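Here's the structure we're looking at; comments come further down.
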Amino acid sequence: MDIEEIEEELKTSLKTGLSSEEAKRRLEKYGYNEIPEKKVHPLIKFLSYFWNPIAWMIEIAAILSAIIKHWIDFTIIMILLIVNGIIGFWEEHKAENVIEYLKQKMALNARVLRDGKWQVIPAKELVPGDVVRIRIGDIVPADIILVEGDYLVVDESALTGESLPVEKKVGDIAYSGSIVKKGEMTGVVKATGLNTYFGKTVKLVEKAKRVSSYQKMIVKIGNYLMILAIILIGIMVAVELYRGKDLIETAQFALVLAVSAIPAAMPAVLSITMAIGALNLAKKDAIVKKLVAIEELAGVDILCSDKTGTLTKNQLVCGDIIPMNGFTKEDVILYASLASREEDADAIDMAILNEAKKLGLIERLKKYKVKKFIPFDPVIKRTEATITNDEEFKVSKGAPQVILDLCEADEKLRKEVEDIVDKLAESGYRALGVAVYKNGKWHFVGIIPLYDPPREDAPLAVKKIKELGVIIKMVTGDHIAIAKNIARMLGIGDKIISIRELLEKLKRGEIKEEKFDDIIEEADGFAEVFPEHKYKIVDALQNKGHLVAMTGDGVNDAPALKKADCGIAVSNATDAARAAADIILLSPGISVIVDAIQEARRIFQRMESYIIYRIAETIRILFFIELCILLLGIYPITALMIVLLAILNDIPILAIAYDNVVETKHPAKWKMKEVLLISTIIGFVGVAGSFIVFYIADKVLHLSLSQLQTFVFLKLILAGHVTIFITRIKDWMWKPPYPHKLLFWGIMGTNIIGTIVAAEGILMSPIGWGLALFLWVFAILEGLCADVVKMILLKKIKID
């Protein structure tokens, strides 16, 4: 559009701007130029941790305890419930609000023309139609159509991932959140707040919601145990009432079963396990914002890695210099350096000056004096400097075609340069032409290839990530030729596609949605990517059943970071990227991701072993008590013993967070069918062992009911703790890695406490040290049988 059309469409005037009254009216219509803030009240957030299947089971047990006035049970259950809620709330509280961070990225003030006068106002008060002035160093406060001025050089890397600054001229749009590096122009505000390019990115962040596999796993286990408990308790209550038992007494026994069925400490144990793991990751420069991200990272099978600043240095360097017309490489860099200014901190200038240092030209450069310097202008597309020494001459650098025109090159030279530039472009290089003016004419000196090189550690990191069974895909806003070149250098692969072209084909109906997901899955990387594209890539991979990690550092990465199963903000990432991510890396590059994945898999192993133990233990106790009540009409342990059993079982298992494990060489997944099968069968081995002990106590030893209950109580403790050794590794329990000393002595300590309580008769009838020793031997033998069963199952279902 021309200037008049812009004024007409936005109903404004470049001479006077909007009136204060009109600006006020538009502010009411469009709202403030800011990112709306969405906050959850801390109390509501805290209470949300008490609204899930496991919490419901614990709460029901607490209510039953209160009804029948079992205050000890009630107190212990409530402590476990509240501690779990506090741990979850505190860990999540550390995660700052994404939208709040994005809001802080908006410019604080803006120079605006109102009522015919230039004034500075808060940027949030800008409205469409406002005439604003932006200049070097400014953060563009809204989406602005540039209408007056020579040019702008704008850094959009945080928005698009493009490593080089972008040139803007009259008619172009300067996007909100980008930074002005050079120039000064006047523009008209086209869009504000969430309607800006920046704001649409925020909408994508808000849209990106997911349910972690950890949360799904907790729900599945909760449902499994709830169904078991409801069925068994229902059967028991029905049978007891049919037998004519008192309703209150029956409720008391129902409580015993409920307490035994509920793994009250499970969420707390898993949270602590992940929290300890988070501390270990922090020592390796990976800060975990959300604990569930650890479990997600362990299962990630595809890593989408941003190129600029992650796989590459985000710093232009010179490739192999190509001198021409009899000049040398040193001549090319010398003249290019003289046509550069260090104080401008321009990316291209700094690359050339750094190359001059490598070639030892700094002392030679000091002998020359710059008489006049014409900075880069998007119109002429070159810089020019007048130099004095023994003689006066001019130097220039810029786009090769422009430099060729300056030199009035013949067809032969022009064809040679064009072939070189095309070949460089195919290899992912940007070309820069250099010329010198001597003896009354311009001479083409040579060509400088420029590229953003891979980080030194990137190739090895890519290799290690692949060895861990994770597919790595490169994502970049750069041209496809650049992307292919970097991907080849890093060993990622050569199947790089333009996501822009792919989406256009999808829009035109040339490819179907299902085929689109297949193409995304098969590609090694993606070029010419915008924020909504990154989001689409992650979504497509998730549709194919993959757990996806996404690395990034800019605002442009925020939606995909939030959408991904595990968002990873790399070193020096923007606040927006850090806020959207689950894990923040403090060290540059992606090498630390290798350590993070390995540590996450170790943490996963600990959680999985605890889950198998916990379900097996629940089944062992639940079915044994149920069957004793239904078949024998006897309560094998008292309610107090149930509570003591829960405490003595859960205290040592907390140390599983420190246990020694071996991480897998492939992504870790929750295989719930296998987990439930193994834990259930191990649990029933324990049920069989408990009935053998019950038979020995009743028929062989002829113990009284109170002594029998103590005998069974100690057996449940000892055999349960042996189960921890069985489930902690997927091998024979006596093989390495051996238990961490904290776990081992935690188990042994509680075993000794349980033995003293049972043998000496503290809070129960004593059984003596002889029977206690017998139970130690029996528990070990039962454990060996359970270990054999476990190994048979592992071999059959091939869980490694």
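Read-outs throughout are calculated quantities, based only on the coordinates presented, and are distinct from any laboratory measurement. These numbers were taken from a predicted model, which means no experiment stands behind them. Ideal geometry is used to build each Cβ from the backbone, glycine not excepted, and the neighbour counts take in all protein chains shown.
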For residue 368, other-chain or 5+-apart residues with amide H closer than 5 Å (H placed, Pro excluded) are none
Filtered hits (aspartates and glutamates, Cα-Cα < 14 Å from residue 283, offset >= 8 within chain) -> 595, 599
Unit-weight point scatterers at every alpha-carbon of region 338-404, Debye formula, q = 0.13 1/Å: log10 I(q)/I(0) is -0.37
The long-range amide H neighbours of residue 582, using H built 1.01 Å from N in the peptide plane and a cut-off of under 5 Å, are 567, 568, 569
Between the Cα axis of helix 768-797 and the main Cα principal axis of the chain, the angle (0 to 90°, nearest 10) is 50 degrees
Nearest 10, in degrees from 0 to 90: the angle of helix 741-760 to the longest Cα principal axis of the chain is 20 degrees
Any chymotrypsin sites (Phe, Trp or Tyr not before Pro) in region 686-751 that lie in a DSSP loop and have at most 13 other Cβ atoms within 10 Å would be 732, 734
From fewest to most C-beta neighbours within 10 Å, the residues 476, 710, 16, 755 line up as 16, 755, 710, 476
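How high is the FRET efficiency from residue 748 to residue 513, r the C-beta distance, R0 41 Å, rounded to 0.05?
The computed FRET efficiency comes out at 0.10.
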The chain: longest segment with zero exposed trypsin sites (Lys or Arg not before Pro), where exposed means DSSP loop plus at most 12 other C-beta atoms within 10 Å, is residues 513-664
A student asked for the Cα radius of gyration and Dmax of region 317-451 in angstrom ought to give 13.7, 41
FRET efficiency (residue 230, residue 735; Cβ distance; R0 25 Å; to 0.05) is 0.05
Filtered hits (lysines, Cα-Cα < 20 Å from residue 795, offset >= 8 within chain) -> 665, 669, 671, 673, 730, 735
Per the chain, sqrt(5λ) over the Cα gyration tensor eigenvalues, sorted largest first, in Å, gives 69, 31, 20
Of the listed pairs 313/358; 423/495; 289/790; 168/562, those with alpha carbons more than 24 Å apart are 289/790; 168/562
Counting sequence-distant residues (5 or more places) and residues on other chains, those with an amide H built under 5 Å from that of residue 445 are 434, 435, 436
Toy charge model, Lys and Arg Cβ at +1, Asp and Glu Cβ at -1: the chain dipole around Cα centroid in debye, rounded to 20, equals 1500 debye
Once both label points are put 7 Å beyond Cα along the C-beta direction, the residue 640-residue 501 separation in nm becomes 7.9 nm
Counting as exposed only GluC sites (Glu not before Pro) in DSSP loop states with no more than 15 other Cβ atoms inside 10 Å, the longest exposed-site-free span of the chain is 97-390
Note, region 675-685: 3J(HN,Hα) by Karplus (6.51, -1.76, 1.60, θ = phi - 60°), whole Hz, Gly/Pro = x, goes 4, 5, 5, 5, 5, 5, 5, 4, x, 6, 4
Nearest-0.05 FRET efficiency for residue 405 and residue 362 at R0 = 25 Å, using Cβ-Cβ distance, is 0.20
Rounded to one decimal in nm, the spacing of the 7 Å Cα→Cβ label points at residue 20 and residue 241 is 7.7 nm
Within the under-9-Å Cβ sphere about residue 396, not counting residue 396, Lys/Arg +1 and Asp/Glu -1 give a net charge of +2
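Sort largest first and round to whole Å: the equivalent ellipsoid semi-axes of region 674-800, each the square root of five times a Cα gyration tensor eigenvalue.
28, 17, 10
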Summing +1 per Lys or Arg and -1 per Asp or Glu among the other residues with Cβ less than 15 Å from residue 18's Cβ gives +2
Calc'd 3J(HN,Hα), region 487-494, phi into Karplus 6.51 cos²θ - 1.76 cosθ + 1.60 (θ = phi - 60°), Hz, glycine/Pro = x, comes to 4, 5, 4, 8, x, 6, x, 10
Projecting the Cα atoms of 476, 783, 549 onto the charge dipole of the chain, where Lys and Arg contribute +1 and Asp and Glu -1 at Cβ, the residue farthest towards the positive end is 783
Tilt, helix 213-242 to longest principal axis of the chain (alpha-carbon atoms), in degrees rounded to tens, equals 20 degrees
By Cβ neighbour count within 10 Å, fewest first, 675, 712, 120, 789 rank 120, 789, 675, 712
Region 429-469 and region 653-706 have their Cα centres apart by a whole-number Å value of 61 Å
Expected vector for region 312-329, Karplus 3J(HN,Hα) from phi with 6.51, -1.76, 1.60 and θ = phi - 60°, integer Hz, x for Gly and Pro, equals 10, 7, 6, 8, 5, 9, 8, x, 6, 5, 10, x, 9, 6, x, 7, 9, 4
